[in-house]
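Notes for the one structure printed next.
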Amino acid sequence: MSLRLLLLLLRRELRGSLSRVVFFVACLAVGVAAVVAVAGLADSVQGAMQREARPLLAADVAVSSRRPLPAAIDAAPAELITARAQTQVFTTMASAPPTDAGPGPSVLVELKVVTGPYPLYGQLELDPPGPLADALHDDTVVIEPALAQRLGIEDGGQLRVGSADFTVAAHVLQEPDRVQASLAPGPRVFLSAPALARSGLEGTTGRMTWKALYQTPDAASATALAAWFEANEDLAAWTRVETWTEGNPGLQRGLDRAETFLGLVALLSLLVGGAGVAQVIRAWLARRFDAVAVYRCLGLTPAQVGRVFLAQTVLLGLAGSLVGALAGTACLLAVPALLGDLLPPGAVDPIQPLAMLQGTALGTGVAVLFAWAPLRRAQAVPPIRVLRRTVDPLPLTGLQRLGGGLLLAGALVGVSVLQAGDPKAGLLFAGVVTGVVLLLALSADRIAQALARLGSRQERWLPRHALRALARPGAGTLPAMVALALGVVVVLGTWLLQDRVTRQLGEAFPPTAPSAFLIDVQPDQWAGVEGLVTTAGATRLQSAPMVMGRLAGIGDQPTEALVAGLEDRERWAFTREQRLGIRAEVPDHNTVVEGAFASLPDVDEVSLEARYARSLGVGVGDTVHFDIQGVTVPLRVTSIREVRWESMEMNFFLLVEPGVLDEAPHTRIVTFQLDQEREDELQNALAVDFPNVTLISVGKLRDRARGILGRLALAIRALGGFTAVAGVVILFASVGAATAQRARQVALLKTLGVTRAGAAAMLALEYALIGGIAGLVGVVGAAALSFGVQTQLMRLSWTASPGASALAVVATALGAALAGTLGNLGALRVPPQQAIRES
């Protein structure tokens, strides 16, 4: 077949098929838009991270630790270093100086102590402009404008940090290595090392992070310096080494996980759209069987017929993919408004050519893949159909159906792995999607068959026709049911998860839960602190001593040997400084699941939280050694506890009975309940009399978490909405596929005396039933999804949401009824004589 003939036939086939083209393009565009939006967001943030790699780290190499950096760090090869700076970051209270009217207002802040030419890369913008080193002296600080506004500090005013007052020398407008996020503990305050010593807070090492920053001559030197740090035995166990070439590993891991999850949800929308493409092509080709028979009589072979319709499919697939790519790009414009400050300013660039290319290629490929079976059926149309229109194409053989199934399965695995970027995640997704689709299809089909049998026993014609139509041969309603059900699963499932977590935040504050914590209360300060808290009107006041310590070893193995080869995220249990709570008995919100607490005389016992014990790989009977202020203390594990952290009560990973650590330096942690207004007053009083004591308002943290969770859930539900929209488009495609059949059915009903309104009511009821079945099956799937995630991954209790589930079923049914009625308006207008003559 010549190219000219192919183009001529292609033009003839597309002529007069505007409605089919619209449905085809819409099915693909919805899924491609989701793919492009997710890929574009990931590529945009990745590009921003790469462009700002050095400023995000503020160095070529950074070495961070939760304990003071050892002297071994100073032995690093000098030829690999051109400049060095150091920072210390921790959380404390800061306040405006007291006045005659009483203590000044105070707020939780994040202190950053700077030594050396910080930052080595990036721009630290100050107002008034100038180097940070020139603004920081032993009596000055640099603060964020938000802190000045909250405390009412004017330019050149005073800020109290610890037990000393400092002059505000400048405001910091931009900090290169700080990722803005709503869960930041508080505004930033910069000060110098001499200023920290003057504040009296130098000993608060339990909440401090040390970081050494290095500038190197070139990238090779950065790699060599990082390798030197990682090979040093005195540093490897307690530090984390980062280079600008690898970016922020934690941020990168989080981004990769989010990209995988959102990418697979977007792929689900595209696959649902592919099912719609199959519906459209099936209906399209069913109406073109007569033309195909004519082509065969004119000498075209089955292969040439297949090429004509394949070219048509590719062309329309490309058009739909391009429309979807443009729609996905438009979606990227809304991301900054949707996610707020969860992303750095300017991180999202809506123009992402690679994402658009990826989405277009995936969309076109999915269109061709799902068109395979209908195209094979078109090739089997016999020429004799020109004379006898009742002759149908030959059915596919068992081998052909098997080959088509294997092709579809292989392609599903391939695109899943490509979209996930991880073979394991892609294979798991492909398997789960296949299983879910089969279960949804089986459930929907069984329900439809049962309702159809029920319709046979109805005496009134309206419910009888509507119910029996659900199982009518060739109706093509099952794919629409499955697509709608998938949309319900994604949208309702994510809503149920978000609602449960949000309610969990609320349930974490029962009448007995504390509203605030005090930390770093020294033993000699407890009487005074208790007096202030009691005077403020606090209730349910509780306190317990605790000792700060670091794991020195387990059994006869030192910690250095235990963490060798572990990744950063696996080291936290071994290397972070832990709070050992001193309690005479296990609290009510803890459950001992193994062993018994304080059960052995003359034995120094410790009780471990269950997940912490699993992270360490220890159990009852093992001995753990803790370094407490340079003294190694052996403790035998005699019990394992499950802790309800969501209770927000005073909880510890480690509990030690009184008498074991009485000689060790300790502080107190205090919990109580107090009205929000009085919390602020107490915070101000503590900042004056006990500046080292930090008050943490649980309610404020909860509200911040709720806000960030709400925005993330909205973004996920918006993405899940693509799947729901794809299901609606498929429903319209199914309606369009049966237009001719519907016209004949309506015409026959009219000849029997049924009015147009009656026929419309029948169609509305039928499609309402389709939507209701899809909604019911989807609700069950969403409940199963939320149950699995909540109970197995989040370790939360699960409760049913009958109101939301019923609303989802009703909304799906009403939406389907509306779509079915609107889609069949043309069939309702066809005169009976015309429909019967054309049949």
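The values are calculated or read from the model by the stated rules, or taken from the named source; none is laboratory data. Since this is a predicted model, take the numbers as computed values, not measurements. As a convention, Cβ positions derive from the backbone with ideal geometry for all residues, glycine included, and neighbour counts pool all protein chains shown. The area values use the complete protein model at the heavy-atom level, side chains included, leaving out ligands, DNA and RNA. Shrake-Rupley method; radii C 1.70, N 1.55, O 1.52, S 1.80 Å.
Descriptive notes on the structure:
- Test result for R446, surrounded by 15 or more Cβ atoms within 10 Å (Cβ to Cβ) and either modelled with pLDDT of 75 or more or not in a loop (DSSP other than H, G, I, E, B) (or both): no
- Residues satisfying the stated conditions in region 568-580, i.e. touching a strand residue (DSSP E or B) at 6+ places or on another chain (Cβ under 7 Å) and open to solvent by 40 Å² or more (accessible area, probe 1.4 Å): D568, R579
- Of the residues making up region 656-680, those that are open to solvent by 60 Å² or more (accessible area, probe 1.4 Å) and in a loop (DSSP other than H, G, I, E, B) are P658, D662, E663, P665, D675.
- Test: residue in region 397-408 that is assigned to a helix (DSSP H, G or I) and β-branched (V, I, T): no
- Residues of region 805-839 that are open to solvent by 20 Å² or more (accessible area, probe 1.4 Å), among the hydrophobic types (A, V, I, L, M, F, W, C) and modelled with pLDDT under 80: L822, L825, V830, I836.
- The listed residue being farther than 30 Å from E677 by Cα, part of a loop (DSSP other than H, G, I, E, B) and at pLDDT below 90, out of P587, P601: P601
- Among residues of region 595-620, those that are in contact (Cβ under 8 Å) with a residue 24 or more places away in the chain, surrounded by fewer than 16 Cβ atoms within 10 Å (Cβ to Cβ) and not aliphatic (A, V, I, L, M), counted: 3
- Elements of the type helices (runs of 4 or more DSSP H) sitting completely within region 1-91 and holding at least 1 residues that are open to solvent by 20 Å² or more (accessible area, probe 1.4 Å) and at pLDDT below 65: these cover 3-14, 18-51.
- Applying the criterion of being in a helix (DSSP H, G or I) and either out of contact with any strand residue (DSSP E or B) (no Cβ under 9 Å at 6 or more places or on another chain) or open to solvent by less than 20 Å² (accessible area, probe 1.4 Å) (or both) to the residues of region 211-226, the residue that is farthest from S65 (Cα to Cα) is A220.
- Counting the residues of region 747-768 that are open to solvent by 40 Å² or more (accessible area, probe 1.4 Å), part of a helix (DSSP H, G or I) and of a type outside the set (V, I, T) gives 6.
- Qualifying residue in region 95-106 (condition: closer than 22 Å to A212 by Cβ and crowded, with 19+ Cβ neighbours inside 10 Å): no
- Test: residue in region 124-140 that is open to solvent by less than 30 Å² (accessible area, probe 1.4 Å), more than 26 Å from L682 (Cα to Cα), more than 39 Å from the chain's Cα centre (by Cα) and of a type in the set (G, A, S): yes
- Set side by side, the residues A367, A371, A327, A334 differ, and just one is at pLDDT 70 or above and surrounded by fewer than 16 Cβ atoms within 10 Å (Cβ to Cβ), which is A334.
- The lone criterion from (1) at pLDDT below 85; (2) in contact with a Leu (Cβ under 9 Å, 6 or more places away or on another chain); (3) basic (K, R) left unmet by R188 is number (1).
- Residue satisfying condition, being in contact with a Gly (Cβ under 6 Å, 6 or more places away or on another chain) and at pLDDT below 85, within set E560, E577: E577
- Subset of region 787-804 [open to solvent by less than 70 Å² (accessible area, probe 1.4 Å), modelled with pLDDT of 75 or more and part of a helix (DSSP H, G or I)]: G803, A804
- Scan region 172-185 for residues that are modelled with pLDDT of 85 or more and either surrounded by fewer than 18 Cβ atoms within 10 Å (Cβ to Cβ) or among the charged types (D, E, K, R) (or both) and the total you get is 1.
- Per-region count, region 581-591, residues more than 14 Å from R641 (Cβ to Cβ) and open to solvent by less than 30 Å² (accessible area, probe 1.4 Å): 1
- In region 556-567, the residues that are open to solvent by 50 Å² or more (accessible area, probe 1.4 Å) form Cβ pairs under 6 Å with partners that are modelled with pLDDT under 80, at six or more places apart or across chains, as follows: E560/A237.
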